[in-house]
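Asks: Take this structure first; my questions come after.
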RNA sequence: AGGACUAUAGCUCAGUUGGUUAGAGCGCUACCUUGACAUGGUAGAGGUCAGCAGUUCGAAUCUGCUUAGUCCUACCA
């Protein structure tokens, strides 16, 4: 083995071997365990968030597999309708190819499939590099044949059950992509804008109570006045009560529209008069519905003023008799130009009263970034309220559990107040809606045209399919069961559904998780007909941010590709990666500067295991993670530590059979580390079960570094190197070194698969094992009988004595190469016993040439002092110790003890404390006080001794 | 507007049903090429647990308020 840890060399070939042997595939077992991967966008690439979530899933899966369960980690990708279509359209423009519309639907879709083929491999490559042990044999795609069938089946069933309907509704319209989007795909941003006030002339000579012949309305969107259907006032507003039922005249178009009374209006806000545009505002739509107002659409699909306004009755039926032409001077203007022009025209007609600055929330499409236009269109909807009920119940009863728990609140709040879900998208890439229309506009839903004709007993009249596709999230909502073969009742479905845990970020909680719950519980029932949950536990990870707590994003230029942390990347390449293909190229310079400052030498190689270990170490629940490069480095060093520890162990065990100890009993050191190992196994297993990957990692780190490397390896040296040791003792030590290492490799494997497997392949030989791979070995279980208090006491004592001497050495600057004599004073019979057993080890590890126990009658030489319990460890001062330094050191310790004594005395002097606190607590305090007092006394004596010697 | 979360060492974070001498990693200081490891070893310094008030014998931990920050949901034209 190489003396330094070179992750790339060992990681690159291992995965291939695992995969070739098909060790990721489920293996029959009594108990099943499954995780469905949140399917990443097929054409995307993995970012740190994925690396994080995948690491956690892989750790859980590897653990379950080692625990002998029939384990499936279902892999797959999502077709990501709008995102993918957007990328492909951009590519067409870049390659000077005809745009989508000219190309036509079929040709375009072919282009998308081509793109999927050429770019879809990125993710799978990354996942392999991350060591993700997914079952590649059953990889799925949300648009593969079987999945498409599942989507159709689900849609048709829901339609037949009345849970999907079609209707003309006001929806969020993306004016760039010309499609409806769901509420969730709209992001609200606060922006500075204006509020205009203008006059609406009253018709028929009416006047307000204060004598005006007009009403004043306030609006942030004056351009929509062309499509107004009413002016609304509050029913109790005395100012306008007499005008309800009367009319105003819409400027420029001359239509008369009614004044209606509606509770929605806040009389305190503005003038108390609201212009009402049901076809272009969600609140106005509601008002319109309540008052059966007609609706006027004045915008094209790109939000430009139409030639003729389209008119609809309140129920959504077109009503051509109400249609009207729009003023020529406005026709064709986009909404912002129209706004300017109309405000100017209002001013010219003396209708404008004023304009104020106004802070408003602007809804924008999350993909296009453009302001959403509420638009009246025919769309498909899912009755979300009905589907949500079983999911809510399942969380209430605990059938589904959130980790961390607080997400329940968010879940309930959202689920209990659901609007119907708009699932149709005016895109081409996606699952086309299985609905057909005849020339009269009658609707037929079925698998395909032929089955529709049969189902509805249609003759051969012409039918045409709905042009729309389904929201991507409609298909991914079926992910947990459609991947397992549904609608067929496959064995896989029976074995692996419900799944055990879903690991995902809260960013797609509503998009995906909530909808998956709804769909799954509707379609999947157990043998008693009870709805099945999609997963028993939902583990929600935090977001990975950069070191300043900023969200990682391409436009901020602060993303780091997980693979670059693994294999490293040069500065120039990193700069290039970050500053090209930006949506806003002008940011490139700033990003370059920032990157050069932050990574003057690029990013070094750290290896997958270090990355994974860092991610799990940071995975405490319910908290975002600010990425810290330093921690990654620290953990790479930890890997190096493990690597070198293994080199040491192997160098002493390679040529021996270490599968068994000798016939002689194990030494206390040997028993101690085995005892600690068993405690470690218990802790790590429990922490995994609680999803506390941070604690599991920390426990492993502590054991491997502080117990195994720092002590066990050092304590083995006297045995392995000294001529005095017997063959049996050496055999025992070799056995323990090798056995503990082998066990801890199994224990750490779920988090650090590569380094553990690599080392294990060597260690297994010394343990007489012939198994092929660590990943299929049994996960360690602890043995209570091996937890040994006696051995622990002895070795903890030994460690304290060694540390005491080192402490004196360190604080008094005595060279580590100087061998020191040590005297022990106040040694109890137990101390003396421990000394007899451990003396050689003290001499060796503390570099002590002689340990002498002084009886009470013997005078100790002038010494530096450290206490181990009541026993004094003395290092004589003759020759190497500075008296003043030692006095200062003693004083420091005495001061500390004084503070402790003070605090404890106060506590014990408090009658209420003594009266109320449990006896154990009081006893503990008393003990504390006694030992602190005696410790202080001892140190004071030493202090005085030095004084007198002066 | 409503809700949630966060505030602990210079930095990134642990701290479980209230009882600790409040921990880890990184950084810092000193010493050290000791036969696995300088991607190292040994030792050390460093904290009014955001602030205020309360409950309690006892609060980093429970309650209320304040401040700062993050996020979610909704939204007044």
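Asks: Looking at the range A:118-150 only, could you name the residues that are outside any loop (DSSP other than H, G, I, E, B), farther than 28 Å from residue A:560 by Cβ and out of contact with any helix residue (DSSP H, G or I) (no Cβ under 7 Å at 6 or more places or on another chain)? Spell out how you get there, then give the answer.
Replies: Applying the first criterion (outside any loop (DSSP other than H, G, I, E, B)) to the range A:118-150 yields A:118-119, A:121-129, A:136-138, A:140-141, A:145-150.
Narrowing further to those that are farther than 28 Å from residue A:560 by Cβ: A:137-138, A:140, A:145-150.
Scanning the range A:118-150 gives A:137, A:138, A:145, A:146, A:148, A:149.
Asks: Answer yes or no: is there a residue in the range A:547-568 that is surrounded by 14 or more Cβ atoms within 10 Å (Cβ to Cβ), under 30 Å from residue A:156 (Cβ atoms) and within 15 Å of RNA strand B (Cβ to nearest atom).
Replies: no
Asks: Condition test on residue A:352, is it within 16 Å of RNA strand B (Cβ to nearest atom) and buried (at least 16 other Cβ atoms within 10 Å of the Cβ)?
Replies: Values: within 16 Å of RNA strand B (Cβ to nearest atom): yes; buried (at least 16 other Cβ atoms within 10 Å of the Cβ): yes.
Taking the combined requirement at face value, the residue satisfies it.
Asks: For the range A:539-584, which positions are at positive phi and out of contact with any helix residue (DSSP H, G or I) (no Cβ under 7 Å at 6 or more places or on another chain)? So that I can check it myself, show each step before the final result.
Replies: First, the residues of the range A:539-584 that are at positive phi: A:549, A:557, A:568, A:581.
Those that are at positive phi and out of contact with any helix residue (DSSP H, G or I) (no Cβ under 7 Å at 6 or more places or on another chain): A:549, A:568, A:581.
Asks: How many residues are in contact (Cβ under 8 Å) with a residue 12 or more places away in the chain, in a loop (DSSP other than H, G, I, E, B) and within 11 Å of RNA strand B (Cβ to nearest atom) if we restrict to the range A:403-443?
Replies: Looking only at that region, the number is 5.
Asks: Would you check which residues across the range A:375-402 are within 16 Å of RNA strand B (Cβ to nearest atom), outside any strand (DSSP E or B) and out of contact with any helix residue (DSSP H, G or I) (no Cβ under 8 Å at 6 or more places or on another chain) and list them?
Replies: A:385
Asks: So which residues in the range A:507-538 are within 16 Å of RNA strand B (Cβ to nearest atom) and touching a helix residue (DSSP H, G or I) at 6+ places or on another chain (Cβ under 7 Å)?
Replies: The first filter runs over the range A:507-538 and keeps only residues within 16 Å of RNA strand B (Cβ to nearest atom), leaving A:507-515, A:538.
A:510, A:511, A:512, A:514, A:515, A:538 - these are the residues of the range A:507-538 that are within 16 Å of RNA strand B (Cβ to nearest atom) and touching a helix residue (DSSP H, G or I) at 6+ places or on another chain (Cβ under 7 Å).
Asks: Moving on to the next point. How about the range A:470-506: which of its residues are within 16 Å of RNA strand B (Cβ to nearest atom) and surrounded by fewer than 18 Cβ atoms within 10 Å (Cβ to Cβ)? Before you say what the answer is, go through the steps one by one.
Replies: In the first step, residues of the range A:470-506 are kept if they are within 16 Å of RNA strand B (Cβ to nearest atom); the result is A:471, A:473, A:504-506.
Within the range A:470-506, A:506 is the sole residue that qualifies.
Asks: Identify, please: which residue in the range A:610-648 is within 7 Å of RNA strand B (Cβ to nearest atom) and under 13 Å from the mean Cα position of the chain (by Cα) and is, among those, modelled with the lowest pLDDT?
Replies: In this case the residue turns out to be A:622.
Asks: Could you count how many residues in the range A:1-47 are closer than 30 Å to residue A:90 by Cα and not in a loop (DSSP other than H, G, I, E, B)? Spell out the reasoning first.
Replies: The initial filter retains those residues of the range A:1-47 that are closer than 30 Å to residue A:90 by Cα, namely A:37-47.
Keeping just the survivors that are not in a loop (DSSP other than H, G, I, E, B) gives A:41.
Number of matching residues: 1.
Asks: For the subset of the range A:250-268 comprising residues that are within 18 Å of residue A:199 (Cβ to Cβ) and surrounded by fewer than 16 Cβ atoms within 10 Å (Cβ to Cβ), which member is farthest from RNA strand B (Cβ to nearest atom)?
Replies: A:254
Asks: For residue A:899, indicate whether it is surrounded by fewer than 15 Cβ atoms within 10 Å (Cβ to Cβ), within 12 Å of RNA strand B (Cβ to nearest atom) and farther than 17 Å from residue A:804 by Cα. Walk me through it before giving the result.
Replies: Details: surrounded by fewer than 15 Cβ atoms within 10 Å (Cβ to Cβ): yes; within 12 Å of RNA strand B (Cβ to nearest atom): yes; farther than 17 Å from residue A:804 by Cα: yes.
Yes.
Asks: Then there's this: Among A:10, A:46, A:72, which is more than 28 Å from residue A:472 (Cα to Cα) and either touching a helix residue (DSSP H, G or I) at 6+ places or on another chain (Cβ under 7 Å) or crowded, with 22+ Cβ neighbours inside 10 Å (or both)? Lay out the reasoning, then the answer.
Replies: Values: A:46 fails: more than 28 Å from residue A:472 (Cα to Cα); A:72 fails: more than 28 Å from residue A:472 (Cα to Cα).
Residue meeting the stated conditions: A:10.
Asks: Now, a different point. Taking the condition within 10 Å of RNA strand B (Cβ to nearest atom), over 15 Å from residue A:807 (Cβ atoms) and modelled with pLDDT under 85, does residue A:884 pass? Even if it seems obvious, please write down each step before you answer.
Replies: On the way: within 10 Å of RNA strand B (Cβ to nearest atom): no; over 15 Å from residue A:807 (Cβ atoms): yes; modelled with pLDDT under 85: yes.
The answer is no for residue A:884.
Asks: Exactly one condition in (1) surrounded by fewer than 19 Cβ atoms within 10 Å (Cβ to Cβ); (2) assigned to a helix (DSSP H, G or I) is false for residue A:578; which is it?
Replies: Against the list (1) surrounded by fewer than 19 Cβ atoms within 10 Å (Cβ to Cβ); (2) assigned to a helix (DSSP H, G or I), residue A:578 comes up short only on (1).
Asks: Residue under question is residue A:168, and the condition is that it be loosely packed, with under 15 Cβ neighbours inside 10 Å and either more than 16 Å from RNA strand B (Cβ to nearest atom) or within 29 Å of the chain's Cα centre (by Cα) (or both); does it hold? Please lay out each step first, then the result.
Replies: Details: loosely packed, with under 15 Cβ neighbours inside 10 Å: no; either more than 16 Å from RNA strand B (Cβ to nearest atom) or within 29 Å of the chain's Cα centre (by Cα) (or both): yes.
It is false that residue A:168 is loosely packed, with under 15 Cβ neighbours inside 10 Å and either more than 16 Å from RNA strand B (Cβ to nearest atom) or within 29 Å of the chain's Cα centre (by Cα) (or both).
Asks: Moving on to the next point. Collect the residues in the range A:710-721 that are closer than 16 Å to residue A:653 by Cα and touching a residue at least 60 places away in the same chain (Cβ under 8 Å), keeping them in residue-number order.
Replies: So the first thing to find is which residues in the range A:710-721 are closer than 16 Å to residue A:653 by Cα, and the list is A:712-721.
Hits for the range A:710-721 are A:713, A:714, A:715, A:716, A:717, A:718, A:720.
Asks: Which residues, counting only those in the range A:151-165, are part of a helix (DSSP H, G or I) and either at positive phi or crowded, with 17+ Cβ neighbours inside 10 Å (or both)? Give the steps one after another, and end with the answer.
Replies: Going through the range A:151-165, the residues part of a helix (DSSP H, G or I) turn out to be A:151-160.
If the condition is that a residue be part of a helix (DSSP H, G or I) and either at positive phi or crowded, with 17+ Cβ neighbours inside 10 Å (or both), then A:151, A:152, A:153, A:154, A:155, A:156, A:158, A:159 are the ones that fit.
Asks: Can I ask one more? Just to be sure I understand, how many residues within the range A:209-226 are part of a strand (DSSP E or B) and crowded, with 23+ Cβ neighbours inside 10 Å? Talk me through it step by step, then tell me what you get.
Replies: Our first condition is that a residue be part of a strand (DSSP E or B); within the range A:209-226, this holds for A:214-219.
Next, only the ones that are crowded, with 23+ Cβ neighbours inside 10 Å stay: A:215, A:217.
So the answer is 2.
Asks: Still on this structure: May I ask you to list pairs of residues, at least six apart or on different chains, whose Cβ atoms are under 7 Å apart, with the first in the range A:914-940 being surrounded by 13 or more Cβ atoms within 10 Å (Cβ to Cβ) and the second being outside any helix (DSSP H, G or I)?
Replies: A:934/A:870; A:935/A:867; A:938/A:867; A:938/A:872; A:939/A:865
Asks: Moving to a separate point now. Taking the range A:789-811 on its own, how many of its residues are more than 11 Å from residue A:873 (Cα to Cα), near RNA strand B (Cβ under 9 Å from one of its atoms) and in contact with a helix residue (DSSP H, G or I) (Cβ under 6 Å, 6 or more places away or on another chain)?
Replies: Residues in the range A:789-811 being more than 11 Å from residue A:873 (Cα to Cα), near RNA strand B (Cβ under 9 Å from one of its atoms) and in contact with a helix residue (DSSP H, G or I) (Cβ under 6 Å, 6 or more places away or on another chain): 1 in total.
Asks: A follow-up question, please. Exactly one of these conditions fails for residue A:852: (1) touching a helix residue (DSSP H, G or I) at 6+ places or on another chain (Cβ under 8 Å); (2) modelled with pLDDT of 85 or more; (3) not in a helix (DSSP H, G or I). Give me its number.
Replies: (1)
Asks: Looking only at the range A:274-312, count how many residues are surrounded by fewer than 15 Cβ atoms within 10 Å (Cβ to Cβ), free of Cβ contacts under 8 Å to residues at least 24 places away in the same chain and over 26 Å from residue A:214 (Cα atoms).
Replies: Qualifying residue count, the range A:274-312: 1.
Asks: Tell me the residue from A:829, A:817 that is under 30 Å from residue A:723 (Cα atoms), in contact (Cβ under 8 Å) with a residue 12 or more places away in the chain and surrounded by fewer than 17 Cβ atoms within 10 Å (Cβ to Cβ), please. Full working, then the answer.
Replies: Details: A:829 fails: in contact (Cβ under 8 Å) with a residue 12 or more places away in the chain.
Of A:829, A:817, the one residue that is under 30 Å from residue A:723 (Cα atoms), in contact (Cβ under 8 Å) with a residue 12 or more places away in the chain and surrounded by fewer than 17 Cβ atoms within 10 Å (Cβ to Cβ) is A:817.
Asks: Just for helices (runs of 4 or more DSSP H) wholly inside the range A:450-510: which have at least 1 residues that are closer than 27 Å to residue A:624 by Cα? Let's see the steps before the verdict.
Replies: Values: elements: A:472-476, A:479-482, A:491-496.
Correct list: A:472-476, A:479-482.
The values are calculated or read from the model by the stated rules, or taken from the named source; none is laboratory data. The model shown is predicted, which means the values in this text are computed figures rather than measured ones. Glycine also receives a Cβ, built like all others from the backbone with ideal geometry; neighbour counts cover every protein chain displayed.
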